[in-house]
Structures are given as C-alpha cells and as structure tokens.
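Accompanying notes for the structure given below.
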Amino acid sequence: MLNNYDELSPVAIDCLKEIGNIGSGSAACSLSEMLGKPVTMRVPDVIVMDYQEVIDHMGGPEKVITGILVRLEGDITGMIMFLLEDNFAKVVLSTFMNVQDVSMIKLDETQLSAISEMGNIMGGSYLLALSQLTGLTIDMSVPSMTVDMLGAIMSVPIIEFSEVGDKVLFIDDGFVIDGVDIKSSIILIPEMASLATLMKKLGVM
C-alpha cells in the first residue's frame, strides 16, 4: 500500500508520464476540433513536487493564472487541476469571440464561460483517455474555474488534501496553437488508495 507519492518507483513514474502523454494528446485533439485549428502538444514531463515547488516553478504565489478544478469520482477519487496562462485565454477568445485585447482579471461572464467550457472539454478528454487505458470508471464533477493569484488557487488542494501529504503529481505540458506557445500545467491528486488502484491496473504494483 502506498503511503505517499515519494514511494512511487521509477517504473510507476514512467507509467504516469505515459498517462500524461496520452491524456494531454486526447485533450489537444479535442481542443483542435473545438477551435478548428491544428494543436500541437509538447511532450509532458511528470514530476513529484511539493506545493511550494509547484508555485515557485510556475512563477511565484502572486502570479495571476486561470485554475480549472475537476473533482474525480468513481474508481478513482481525488482532483485534477488545469493551470492555464494568459495565452490560452487569448487564443480561445480570439477564435470564438474575435476578442484581441484580453486581460484575465477583466473577463466578462460570457468570456469566462467560454474558457470554462474549454476546461470542461480538456478535463473530459483527459479522463476518458485514462479510463480507456486502465478500464477504470472515472467520473468528473462539473469543473469550477477561477482567475486568481497562484498562491490562492493552490490553497484549495493544500487544504482539501492535507491528509495525502504535501506532494502532488505535476504534469508540465503545453500546446502550440497558431504558432503561439501556450504553457499549461496539470496537477493530478488522486487519493493514495486510488493511486494504488491505478498502479495495480497498470501492472506496476
């Protein structure tokens, strides 16, 4: 039985990298279909990090980003959070609403809804790929989205998953759309029993 993320073997980490690769590829395909544009995915890097390392890696606690939180239910419980920088919103809103001058802290309700829907599609695609790969039933909540400083956004998983420890699976990936490099990151926090279930399904425990 796994007690914390530090106990994951190199083989298990490699499996999680492959899951990140497949999930991100699925999300990229869905984005491409919705936007009507080619979307190229960067090869994701999966790292076990503590919360402070994630915050520092992404630019510090005062950096304003978009966080889209999806809770996991079914055979896997926990949460997945997409952390998206300004360029993502700019591409989405310029495509759907012909909005060019985008400020993340000044988006109206319609603009926020469009970005939230993209997060919904990405989350659904990611989890569908994971479900198909493992044969597990993974359901998701309706995504909740917020635009805030990174420190405030990260306080949600820090508080809710304190019993799991201070480590998360940090998936550092991104997309290229219309020649624009869009940095995105994913924090995957399955509860430890769920992570053990996942590893057993993948044959690495």
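Only the coordinates and a few stated rules stand behind these numbers; no lab work does. Quantities reported herein were computed from a predicted structural model and do not represent experimental measurements. Don't worry about glycine lacking a Cβ; one is built from the backbone with ideal geometry, like all the others, and counts go over all protein chains shown.
Tabulated data for the structure shown
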{"quantity": "Number of positions in region 129-182 that are free of Cβ contacts under 8 Å to residues at least 40 places away in the same chain and among the charged types (D, E, K, R)", "calculated": "1"}
{"quantity": "Selection within region 69-87 - under 13 Å from the mean Cα position of the chain (by Cα) and hydrophobic (A, V, I, L, M, F, W, C)", "calculated": "69, 70, 72, 79, 80, 81, 82, 83, 84"}
{"quantity": "Hits in region 174-193 (condition: touching a strand residue (DSSP E or B) at 6+ places or on another chain (Cβ under 6 Å) and either over 30 Å from residue 36 (Cβ atoms) or outside any strand (DSSP E or B) (or both))", "calculated": "189, 190, 191"}
{"quantity": "Residues that are of a type outside the set (Val, Ile, Thr), within 17 Å of the chain's Cα centre (by Cα) and buried (at least 18 other Cβ atoms within 10 Å of the Cβ), drawn from region 177-202", "calculated": "183, 184, 185, 188, 190, 195"}
{"quantity": "Within region 35-46, considering residues that are surrounded by fewer than 16 Cβ atoms within 10 Å (Cβ to Cβ) and not hydroxyl-bearing (Ser, Thr, Tyr), the one nearest to residue 166 (Cα to Cα)", "calculated": "45"}
{"quantity": "Considering residues of region 14-34 that are among the aliphatic types (A, V, I, L, M) and either part of a loop (DSSP other than H, G, I, E, B) or within 17 Å of the chain's Cα centre (by Cα) (or both) only, the residue nearest to residue 162 (Cα to Cα)", "calculated": "16"}
{"quantity": "Subset of region 146-173 that is assigned to a strand (DSSP E or B) and among the β-branched types (Val, Ile, Thr) - its residue that is nearest to residue 30 (Cα to Cα)", "calculated": "171"}
{"quantity": "Unique residue being among the acidic types (Asp, Glu), over 23 Å from residue 46 (Cβ atoms) and exposed (fewer than 14 other Cβ atoms within 10 Å of the Cβ) when the list is 109, 117", "calculated": "109"}
{"quantity": "Inter-residue pairs, beta-carbon under 6 Å, first free of Cβ contacts under 8 Å to residues at least 12 places away in the same chain and in region 116-127, second buried (at least 17 other Cβ atoms within 10 Å of the Cβ), 6+ apart", "calculated": "none"}
{"quantity": "Leading residue by the ranking (surrounded by the most Cβ atoms within 10 Å (Cβ to Cβ)) among those in region 123-145 that are in a strand (DSSP E or B) and over 14 Å from the mean Cα position of the chain (by Cα)", "calculated": "138"}
{"quantity": "Which listed residue is closer than 25 Å to residue 109 by Cβ, touching a strand residue (DSSP E or B) at 6+ places or on another chain (Cβ under 8 Å) and β-branched (Val, Ile, Thr), from 70, 48", "calculated": "70"}
{"quantity": "Among the candidates 95, 77, 66, residue that is among the hydroxyl-bearing types (Ser, Thr, Tyr), in contact (Cβ under 8 Å) with a residue 12 or more places away in the chain and crowded, with 20+ Cβ neighbours inside 10 Å", "calculated": "66"}
